[in-house]
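Working notes for the structure below.
The values are calculated or read from the model by the stated rules, or taken from the named source; none is laboratory data. None of these values were measured; they are calculated from a predicted model. Methodologically, a virtual Cβ is constructed for each residue, glycine included, from the backbone with ideal geometry; neighbour enumeration extends over all protein chains shown.
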Amino acid sequence: MRYLFPSDYMADPSAHVFGNRLYIYPSHDRESGIPENDNGDHFDMKDYHVLCMDDPDQPEAKDLGKILDVEDIPWAGRQLWDSDVVEKDGRYYLIYSLKDKNDTFHLGVAIADRPEGPFTPLPDPIRGSYSIDPCAFKDEDGEIYVYFGGLWGGQLQRYRDNKALESAILPEGAEPALPARVVRMKADVTQFAEEPKPVIITDDNGQPLRADDPHRFFEASWLHKHNGLYYFSYSTGDSHLLCYATSRSPYGPFRFRGELLQPVVGWTTHHSIVEWQGRTFLFHHDSVPSGGRTWLRSVKIAELEYDGEELRLK
Ligand code: FUB
């Protein structure tokens, strides 16, 4: 494991290979002076940059500069959190998390003709979108699915059946854990094509993971496909693990398979997984370089390997 961009704080790295290059779309952490709280107000990011690499073994990633600023987004309130980019027909769609002027998270879309941007934001958030942490996955048949959701500051507990609740409900104990959501995108990649569905993660007996299971979903969805199998990976939040689960369908249900990463320094753990030049890489972050300040994180790379269907750090 090594740090990829020591000269600035970046987090939540979403990596993709477009052409011969690997692009990393991170959150751009900064010191805003807002005190740390469970609402995540201290994660007060204002813009996105894109990093790139031409070789997996190069010592550092290169910053290609700013690709979107919160001031250019008409519906913006505050806090640009995790994002992801998907390519379709030669155009690039940045799907991002942002609070509106009522302090409610939604997902937005910004479009570019090149992976390095600049990205032009659409005037409104995606209709029916809520919560945070979009992962945009393009399947082999060209369909694009977005996986999203995050608890606590990510506001997922404020929704049931895609409708806002009057007050938040967090399942407890033996109740089924709150699931991430998956939704297929319309052909123009700007709106949902259907109602989001729950991403159910089960144990070996087919039972949904319980709310008190340390392996239950919290935030940071990622989806990749290997040998026809869909791998859904995610952060467990307050138990600080990165875990994965597999399915034969992009909609799941996904069977819990194991832990990918043990807790890192810093409260959050977040990642992406990408196959590049015949190898598989984990991009993630920790807060070691900032001395443990959870809101000032640094991007890292590690190599993964398969053992049959199982995935683990190399
Ligand atoms: O970067 C802000 C938030 O922290 C992300 O959206 C979460 O996944 C966590 O990493």
Fill in: Tally of residues being of a type outside the set (Lys, Arg) and surrounded by 15 or more Cβ atoms within 10 Å (Cβ to Cβ) across the stretch 172-215
23
Discussion item. Please go through the stretch 141-163 and give me each residue that is more than 16 Å from Ser97 (Cβ to Cβ) and part of a strand (DSSP E or B), ordered by number.
Written reply: Ile144, Tyr145, Arg160, Lys163
Worksheet item: Can you find a residue in the stretch 27-37 that is crowded, with 20+ Cβ neighbours inside 10 Å, within 13 Å of the ligand (Cβ to nearest atom), modelled with pLDDT of 95 or more and among the acidic types (Asp, Glu)?
Response: yes
Worksheet item: Give me the pairs: first residue in the stretch 13-28 and touching a residue at least 60 places away in the same chain (Cβ under 8 Å) and basic (Lys, Arg), second residue away from the ligand (no atom under 16 Å from the Cβ) and assigned to a strand (DSSP E or B), beta-carbon distance under 9 Å, and six or more apart or on different chains, which are they?
Response: Arg21/Cys52; Arg21/Met53
Practice prompt. Could you identify the single residue in Arg184, Arg127 that is outside any loop (DSSP other than H, G, I, E, B), touching a residue at least 24 places away in the same chain (Cβ under 8 Å), out of contact with any helix residue (DSSP H, G or I) (no Cβ under 8 Å at 6 or more places or on another chain) and under 27 Å from Gly90 (Cα atoms)?
Written response: Arg184
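Return the total of residues in the stretch 187-213 being part of a strand (DSSP E or B), free of Cβ contacts under 8 Å to residues at least 60 places away in the same chain and under 21 Å from the mean Cα position of the chain (by Cα).
Residues in the stretch 187-213 being part of a strand (DSSP E or B), free of Cβ contacts under 8 Å to residues at least 60 places away in the same chain and under 21 Å from the mean Cα position of the chain (by Cα): 5 in total.
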Worksheet entry | Residue list for the stretch 241-272, restricted to those being within 16 Å of the ligand (Cβ to nearest atom) and surrounded by fewer than 19 Cβ atoms within 10 Å (Cβ to Cβ) | Pro263, Val265, Trp267
Fill in: Selected residue (only one of Ala61, Ala11 is small (Gly, Ala, Ser) and under 19 Å from the mean Cα position of the chain (by Cα))
Ala11
Worksheet item: Could you say whether any residue in the stretch 45-62 is among the charged types (D, E, K, R) and closer than 22 Å to Asp238 by Cα?
Response: no
Worksheet entry | Every residue from the stretch 152-176 that is free of Cβ contacts under 8 Å to residues at least 12 places away in the same chain and either of a type in the set (Asp, Glu) or within 16 Å of the ligand (Cβ to nearest atom) (or both) | Asp161, Glu166
